[in-house]
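K.L.:
Starting off with a structure, shown below.
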Amino acid sequence: MALPSRPLVYARFSPLSNSYPSFSLFPPPSPLGRTCRTQDIAFGFGRHRKSNLRLLAGSRSCRSPCLTVLRSFAGHEAERGSCSVNDEGDEEEIEEDVDHEKQVEDEESVTSVAAERWDVLGLGQAMVDFSGMVHDEFLERLGLEKGTRKVVNHEERGRVLRAMDGCSYKAAAGGSLSNTLVALARLGSRFVSGPNLNVALAGSVGSDPLGGFYRAKLRRANVNFLSKPVKDGTTGTVIVLTTPDAQRTMLAYQGTSSTIDYDQYLAGIVSKTNILVIEGYLFELPHTIKTIAKACEEARKNGALVAVTASDVSCIERCYDDFWEIIGNYTDIVFANSNEARAFCDFSSRDSPMSAARYLSHFVPLVSVTDGPRGSFIGVKGEAIYIPPSPCIPVDTCGAGDAYASGILYGILRGTSDLKGMGMLASCVAAVVVGQQGTRLRVQDACRLAESFTFHLESSNALSDVSSDHISSL
């Protein structure tokens with residue numbers, strides 16, 4: 001894989017920062033302009049091996065350093081739902097199957113929001129989650145290995161669902177990326193200071209009732225599902241079986257979700273986004289790497305940033321070269337947990353997550369590495385900032401990393417230059433989700449967190465203004 005001919009993104013460090021660098025990300029100008037000042041650091045992207053590392057510090061800078069593509073654009077606001085507890089509606093308990101008639105009615109009653117530009121567009125797997133509590137004997141009877149994730153066919157899915165007949169379980173518009181986008185949309189609601197965030201997801205669902213259920217559920221959470229349903233297609237599902245010891249066994253039926261074609265419609269959506277987020281699970285799908293590459297090219301061409309979620313260690317190991325093809329050429333932000341970060345770096349379990357964050361940040365301008373109850377790290381320019389964990393009583397750790405990513409994206413979109421503050425917000429969002437049952441950030445919690453972050457941001461800006469005035473007077 002050839003190195004890119006010019007840096008894709010700049011990280012800019014402020015001389016006013018004492019403990020932590022302030023930063024902003026900029027789209028690369030064309031052509032590149034003047035020689036950079038000492039506080040402007042330009043990053044080149046290369047292969048993942050150290051021998052091919054190419055740091056372009058001190059070489060060039062952007063012609064317009066005030067341009068920040070990560071700020072949400074005022075004037076591109078869409079209608080949003082009410083900030084109330086009654087708006088949750090993320091999961092529905094069902095006895096036997098989803099109520100088909102209600103799903104169709106929901107889909108017809110929900111209209112898509114046409115935004116001029118999307119603050120964040122996710123490209124990921126659109127799958128309906130069926131989750132329920134089972135005993136170990138249930139798994140043994142079906143020959144399932146506890147704690148694993150397995151891809152199943154239509155017949156196997158039917159066999160498991162029939163075995164669950166009579167059990168109480170829930171259906172939800174699932175997926176790691178959808179968790180992140182829902183949390184982000186709720187953090188960016190119009191009930192908090194700042195412009196409303198336009199958040200969307202593109203993927204593949206069938207024209208079946210489950211596809212309608214998925215689209216309606218996301219729309220109620222203020223995330224617009226932009227892809228058209230595939231005619232006669234079957235929407236993918238994930239059966240999540242949780243045993244009393246909190247271990248999850250997942251059975252994924254991909255259905256239509258296994259195919260995402262890059263067409264003119266998807267290209268048009270990608271061209272109108274500020275941040276494109278690629279879900280790591282897509283790398284496992286046949287021929288999808290071509291769609292990912294084309295989407296990233298279109299995003300970069302139109303000044304957007306590209307983020308990649310790691311998703312799963314086994315996924316990284318199976319698709320290692322494909323991951324690095326995208327990370328090396330297009331990616332500006334990487335989200336990973338400690339094990340996934342080590343897998344990206346080809347590190348052993350003895351290597352610390354801080355080392356992995358530092359190493360990855362030589363190739364990606366911003367790296368987010370979570371380490372469970374031990375905290376997290378934000379890697380920039382070969383350094384890693386430690387973010388302590390927010391206190392909470394753990395109830396359900398599923399979805400913690402998804403929630404953390406939403407906090408990072410929200411901080412970037414709100415234009416913060418305080419990496420430590422942005423990491424603390426992400427840690428707080430994750431702690432709230434860990435302290436509840438379910439993977440989705442609740443509306444009232446999102447409002448409270450966003451208000452707290454807005455206060456922090458305004459206080460930081462005021463302090464920065466005072467510092468600037470003091471320096472100017474010297």
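The values are calculated or read from the model by the stated rules, or taken from the named source; none is laboratory data. The model shown is predicted, which means the values in this text are computed figures rather than measured ones. All Cβ positions, glycine included, derive from the backbone under ideal geometry; neighbour counts span all protein chains shown. The accessibility values were calculated without ligands, DNA or RNA, using every heavy atom of the protein model including side chains. Shrake-Rupley method; radii C 1.70, N 1.55, O 1.52, S 1.80 Å.
K.L.:
Inspect all residues belonging to region 126-137 and state whether any of them is acidic (Asp, Glu), touching a residue at least 60 places away in the same chain (Cβ under 8 Å) and in a strand (DSSP E or B).
P.N.:
Looking for residues that are acidic (Asp, Glu), touching a residue at least 60 places away in the same chain (Cβ under 8 Å) and in a strand (DSSP E or B), one finds at least one in region 126-137, hence yes.
K.L.:
Mind listing whichever residues of region 255-267 are free of Cβ contacts under 8 Å to residues at least 60 places away in the same chain and of a type outside the set (Gly, Ala, Ser)?
P.N.:
If the condition is that a residue be free of Cβ contacts under 8 Å to residues at least 60 places away in the same chain and of a type outside the set (Gly, Ala, Ser), then Thr256, Thr259, Asp261, Tyr262, Asp263, Gln264, Tyr265 are the ones that fit.
K.L.:
Can you name every residue in region 198-232 that is outside any helix (DSSP H, G or I) and over 21 Å from Ala403 (Cα atoms)? Reasoning before the result, please.
P.N.:
If we filter region 198-232 for residues that are outside any helix (DSSP H, G or I), which is where we start, we get 198-208, 221-232.
Hits for region 198-232 are Ser204, Val205, Gly206, Ser207, Asp208, Leu226, Ser227, Lys228, Pro229, Val230, Lys231, Asp232.
K.L.:
Now for a different question. Going by the conditions given, is Ala293 buried (at least 22 other Cβ atoms within 10 Å of the Cβ), more than 30 Å from Tyr386 (Cβ to Cβ) and small (Gly, Ala, Ser)?
P.N.:
Spelling it out, it is not the case that Ala293 is buried (at least 22 other Cβ atoms within 10 Å of the Cβ), more than 30 Å from Tyr386 (Cβ to Cβ) and small (Gly, Ala, Ser).
K.L.:
Please verify whether region 185-207 includes one or more residues that are within 27 Å of Glu145 (Cβ to Cβ) and either modelled with pLDDT of 90 or more or hydroxyl-bearing (Ser, Thr, Tyr) (or both).
P.N.:
No; the residues of region 185-207 include none that is within 27 Å of Glu145 (Cβ to Cβ) and either modelled with pLDDT of 90 or more or hydroxyl-bearing (Ser, Thr, Tyr) (or both).
K.L.:
Going by the conditions given, is Ala252 open to solvent by less than 30 Å² (accessible area, probe 1.4 Å) and without any contact (Cβ under 8 Å) to a residue 40 or more places away in the chain? Spell out the reasoning first.
P.N.:
On the way: open to solvent by less than 30 Å² (accessible area, probe 1.4 Å): yes; without any contact (Cβ under 8 Å) to a residue 40 or more places away in the chain: no.
Spelling it out, it is not the case that Ala252 is open to solvent by less than 30 Å² (accessible area, probe 1.4 Å) and without any contact (Cβ under 8 Å) to a residue 40 or more places away in the chain.
K.L.:
Could you tell me which residue of region 414-430 is most open to solvent (accessible area, probe 1.4 Å), considering only residues that are of a type in the set (S, T, N, Q) and touching a strand residue (DSSP E or B) at 6+ places or on another chain (Cβ under 7 Å)? Working first, answer last.
P.N.:
Narrowing region 414-430 to residues of a type in the set (S, T, N, Q): 416-417, 427.
Checking the rest, the ones that are also touching a strand residue (DSSP E or B) at 6+ places or on another chain (Cβ under 7 Å) come to 417, 427.
Numbers: Ser417: 51, Ser427: 11 Å².
Only one residue tops the list, namely Ser417.
K.L.:
Still on this model: Could you list all residues from region 309-345 that are crowded, with 19+ Cβ neighbours inside 10 Å and among the small types (Gly, Ala, Ser)?
P.N.:
Scanning region 309-345 gives Ala310, Ser311, Gly328, Ala336, Ser338, Ala341, Ala343.
K.L.:
Related question: Considering (1) closer than 22 Å to Asn153 by Cβ; (2) within 19 Å of the chain's Cα centre (by Cα); (3) outside any loop (DSSP other than H, G, I, E, B), say which one Thr291 fails and leave the rest.
P.N.:
(1)
K.L.:
Please state which one of Leu276, Leu282 is assigned to a helix (DSSP H, G or I) and surrounded by 24 or more Cβ atoms within 10 Å (Cβ to Cβ).
P.N.:
Matching residue, one of Leu276, Leu282: Leu282.
K.L.:
If a residue has to be surrounded by 14 or more Cβ atoms within 10 Å (Cβ to Cβ) and more than 23 Å from the chain's Cα centre (by Cα) to count, how many in region 164-192 make the cut? Explain how you work it out, then say what you get.
P.N.:
Initial filter on region 164-192 (surrounded by 14 or more Cβ atoms within 10 Å (Cβ to Cβ)): 164, 167, 169-192.
Still in the running and more than 23 Å from the chain's Cα centre (by Cα): 164, 167, 169-170.
So the answer is 4.
K.L.:
Taking Pro195 as meeting all but one of (1) open to solvent by 30 Å² or more (accessible area, probe 1.4 Å); (2) closer than 20 Å to Ala403 by Cβ, write down the number of the exception.
P.N.:
(2) is the only condition that Pro195 fails.
K.L.:
Among what's in region 222-235 and is open to solvent by less than 20 Å² (accessible area, probe 1.4 Å) and more than 20 Å from the chain's Cα centre (by Cα), pick the residue that is nearest to Met133 (Cα to Cα).
P.N.:
The selected residue is Thr235.
K.L.:
Shifting gears a bit: Report yes if some residue within region 355-367 is out of contact with any Pro (no Cβ under 9 Å at 6 or more places or on another chain), within 18 Å of Val277 (Cα to Cα), part of a helix (DSSP H, G or I) and not hydrophobic (A, V, I, L, M, F, W, C); otherwise report no.
P.N.:
No.
K.L.:
How many residues does region 216-249 contain that are touching a residue at least 60 places away in the same chain (Cβ under 8 Å) and of a type in the set (D, E, K, R)?
P.N.:
Qualifying residue count, region 216-249: 4.
K.L.:
Tally time: how many residues in region 233-265 are outside any loop (DSSP other than H, G, I, E, B), closer than 15 Å to Gly175 by Cβ and touching a Phe, Trp or Tyr at 6+ places or on another chain (Cβ under 8 Å)?
P.N.:
5
K.L.:
Follow-up. Can you tell me which residue among Gly147, Gly166 is assigned to a loop (DSSP other than H, G, I, E, B) and touching a Ser or Thr at 6+ places or on another chain (Cβ under 9 Å)?
P.N.:
Gly147
K.L.:
Could you check how many residues of region 372-392 are more than 20 Å from Ala183 (Cβ to Cβ) and either of a type in the set (Phe, Trp, Tyr) or in a loop (DSSP other than H, G, I, E, B) (or both)?
P.N.:
Going through region 372-392 one residue at a time, the tally reaches 5.
K.L.:
Can I ask one more? Could you check how many residues of region 393-411 are within 19 Å of Val443 (Cβ to Cβ) and open to solvent by 60 Å² or more (accessible area, probe 1.4 Å)?
P.N.:
Within region 393-411, residues that are within 19 Å of Val443 (Cβ to Cβ) and open to solvent by 60 Å² or more (accessible area, probe 1.4 Å) number 1.
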